[in-house]
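Data block below; observations after.
The values are calculated or read from the model by the stated rules, or taken from the named source; none is laboratory data. A quick note: this is a predicted structure, and the numbers were derived from the prediction, not measured. Glycine also receives a Cβ, built like all others from the backbone with ideal geometry; neighbour counts cover every protein chain displayed.
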Amino acid sequence: MQYKEGWHGLTLTVKDKEVTDVKVYTGHSLEDLKLLFAKQPLGVALDNASGYLFNLNFPFHGRRKISLVIGGELEEMLPFPVEDMLIDFQETDEEGKVLAAAVPSSVVADFNGRKRIRNITFQSLAVLRALRWFSLIRQENLVFINCSGNTVVIMTFKGGKVVHLRQFFRSPQSNSLTEPLQEIAKDSDFARASYVMVSDDDTLAEKEIIELALGISVHVPTLDDYVYGESLPAWAWAGIGSALIALDPKGEISLSGEHYRALSGTTRAALYVTASMAGLSLIILGLASLNFYSKQSAYEYLSAEPNRIYRTAFPKAPPVKDVARTFEDRIRKLDKDQGSSSEPAANPLALLNEISGRIEPQVDVKVSEFLADEKEFALAGTTTSFASLDKIKAALGQIKGTSALELQSVDLAAGGQVRFRLRGKL
């Protein structure tokens, strides 16, 4: 890893659930470490600032299905084109919850083609692996804090699974670390959670600030309590975690762009595992701007729908400015002529017009089907992502008189589009 003014590496031996013979290599260049560990399997832990972590939710589960759509889902969140990123993820439950990681391809370019590199991950994920190895992550509610340089990663666990994640830059002089922790503490599920903090530097001062601000106790584990006979720096947590992942990378996030290769039981027992940690720092440039042209086209398409439906219903009628009002007038006239004493049926055009007004102009959606009668309606079309689909569904739920709104189907269409069909009662 890149720590302060030099590159650092670490080697260790794993036998019978014990970590021994830890050796630390400090003050080396990256090329020196490559030569030093040229004949040994490697694990790399990148600095947390070199990429991005996300906690995502999908309406389905399964690695194959999620692999097809995760790039499109992250496209709106990443400041770089998806095709320039290396992305990997792990499912945290069977309900579509995913922990995802992304890093620019240029960050790991120096490691490409290195067959002995079994895993490339972030320091925060490597630290988590080490904590699990030493049984410090249990099934209880837990708040994990990892400070690496000027970057902070906070994860909350419930039943051993990630439920919340935040990654941000911070200044040691600011209260940017205590504010998100105070928000988490307000959640009743984490009112009595355990807090574990690991940093690459001295955390005593920050530990006291957090404890004073939240009125809690923060556990700062020390490697010397788990690796006997050694005196290791705090940043070695990531080194040990990276080495453990290299020993058994199955199921772990890897940003190498290659599939892991599992080790046999005999090889694993005798293997002398080496972790070489490399870190790079990048400045977050902000979220990429939305494609205004495509959003505007979708908005214009929906705006023209009422006129198109009016011309279909009344092909010989002259053009009108207020389509919804004209439709209502015609329906009232029909009811009056027929002597109907019941309330008029739901106005499909007015409903579509309201749907068009409720959906935000920034949401890219194309409607392919719209059906409505007195009791229910159905809307089908395509949009750019599952996040946009959630916004469309939320907008329909705000329409007065609608109820029992449900997503009948959702799948991936051509070009990374999300095809959907919604139904609701009136």
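Before we move on, is Thr402 modelled with pLDDT of 90 or more and among the polar types (S, T, N, Q)? When the stated conditions are applied, Thr402 does not pass them. Of the listed requirements (1) touching a residue at least 24 places away in the same chain (Cβ under 8 Å); (2) among the hydrophobic types (A, V, I, L, M, F, W, C); (3) more than 29 Å from Asn57 (Cα to Cα), Leu204 misses just one: (1). When region 2-28 is filtered for residues that are closer than 16 Å to Val107 by Cα and over 27 Å from the mean Cα position of the chain (by Cα), only Trp7 remains.
Of the residues making up region 173-188, those that are among the hydrophobic types (A, V, I, L, M, F, W, C) and at pLDDT below 90 number 2. Inclusion of Ala413 among residues that are under 23 Å from Val82 (Cα atoms) and either surrounded by fewer than 13 Cβ atoms within 10 Å (Cβ to Cβ) or not assigned by TED's automatic domain parsing to the domain that holds Gly72 (or both) is warranted.
Annotation: Tyr195 fulfils all but one of (1) in contact (Cβ under 8 Å) with a residue 60 or more places away in the chain; (2) part of a strand (DSSP E or B); (3) over 21 Å from the mean Cα position of the chain (by Cα); the unmet one is (1).
Residues that are without any contact (Cβ under 8 Å) to a residue 24 or more places away in the chain and within 22 Å of Ala49 (Cα to Cα) do not occur anywhere in region 144-156. Taking region 214-247 as the range and being at pLDDT 85 or above, in a loop (DSSP other than H, G, I, E, B) and farther than 18 Å from Asp200 by Cβ as the test, the residues that pass are Gly215, Ile216, Ser217.
When restricted to residues that are loosely packed, with under 11 Cβ neighbours inside 10 Å and either within 23 Å of His8 (Cβ to Cβ) or charged (D, E, K, R) (or both), region 206-221 contains 0. Restricted to region 87-139, and to residues there that are in a loop (DSSP other than H, G, I, E, B), closer than 29 Å to Leu36 by Cβ and of a type in the set (D, E, K, R), the residue that is modelled with the lowest pLDDT is Arg114. Considering only residues in region 157-192 that are within 16 Å of His219 (Cα to Cα) and either basic (Lys, Arg) or touching a residue at least 40 places away in the same chain (Cβ under 8 Å) (or both), the one that is surrounded by the most Cβ atoms within 10 Å (Cβ to Cβ) turns out to be Phe190.
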